Amino acid sequence: MTKFAVVYYSATGTTEILARAVAAGIHTNVGAEAALLKIEGEDVREGRYENPELLQQLDSCHGIVFGSPTFMGSVAAQFKAFMDATSERWGRRAWTGKLAAGFTIGGSPSGDQLNTLQTLQVFASQHGMLWSGIDLPAGWDSSGRNRLGSQSGLTAVRCDSNGVHQLDRLTAMYLGERIAGLRRSILTEGDL
């Protein structure tokens, strides 16, 4: 069984909607499972993230998908506290070679969401992880996925009606399918 985790912080529920869609995409691959791991605000005490059980779950995964809303042009403070709490794992290279991807949602089509994805990508690179973006060029997918055109990962925009645009949900599902498919390719073909 190939194990993935979708670790995320969600303030209003929209990031959680995307996290669930990513996990659903992972589950479409035979032999892949995804754990949804939510970063809770109460796990941050005096600015430090403290949830060793969640961190241990990440250690046993083959891939991790990171998700945070874009607040003030970057990841949420709660997610940054989680990132900082992984420094001991960085020191022992616990996540080296794991697959990684990321997603974010904001209140406008730009909202500096690219900076959030780049923050997640640099974080994954610090850990020696292998980053996977989205291979769907905007405007070229017949179903309309990746409507905002981000290749580094999923960007979404909060909608008034149900929180997350249906095409953004489909793109999140595709991101999950993609990262699980990459892991399967590595195992069966021996290369990317």
message: Return the residues of segment 28-56 that are closer than 30 Å to Leu187 by Cα, in a helix (DSSP H, G or I) and out of contact with any strand residue (DSSP E or B) (no Cβ under 6 Å at 6 or more places or on another chain); say none if nothing qualifies.
response: Pro52, Glu53, Leu55, Gln56
message: Taking the conditions exactly as written (acidic (Asp, Glu), closer than 28 Å to Gly111 by Cα and at pLDDT 95 or above), does Asp84 satisfy them or not?
response: yes
field: Residue pairs meeting the criteria (Cβ under 7 Å; at least 6 apart or on separate chains; first in a loop (DSSP other than H, G, I, E, B), in segment 69-87; second surrounded by 20 or more Cβ atoms within 10 Å (Cβ to Cβ) and among the polar types (S, T, N, Q))
entry: Ala76/Ser68
- line: Reported set for segment 8-20 where residues are buried (at least 24 other Cβ atoms within 10 Å of the Cβ) and either over 11 Å from the mean Cα position of the chain (by Cα) or not in a helix (DSSP H, G or I) (or both) is Tyr8, Tyr9
field: Ile179 vs. criteria in contact (Cβ under 8 Å) with a residue 12 or more places away in the chain, part of a helix (DSSP H, G or I) and buried (at least 18 other Cβ atoms within 10 Å of the Cβ)
entry: yes
query: Could you list, in sequence order, the residues of segment 130-154 that are surrounded by fewer than 20 Cβ atoms within 10 Å (Cβ to Cβ) and at positive phi?
result: Gly139, Gly144, Gly149
statement: Within segment 82-129, restricting to residues that are basic (Lys, Arg) and either farther than 24 Å from Gly41 by Cβ or touching a helix residue (DSSP H, G or I) at 6+ places or on another chain (Cβ under 6 Å) (or both), the one that is surrounded by the most Cβ atoms within 10 Å (Cβ to Cβ) is Lys98
message: Condition first: touching a residue at least 40 places away in the same chain (Cβ under 8 Å) and part of a helix (DSSP H, G or I). Now tell me which residues in segment 95-146 satisfy that.
response: Gln113, Leu114, Asn115, Thr116, Thr119, Leu120, Phe123, Ala124
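The values are calculated or read from the model by the stated rules, or taken from the named source; none is laboratory data. Bear in mind that the values here come from a model prediction, so they are computed numbers and not experimental data. Note that we place each Cβ from the backbone using ideal geometry, even for glycine, and neighbour counts take in every protein chain shown.
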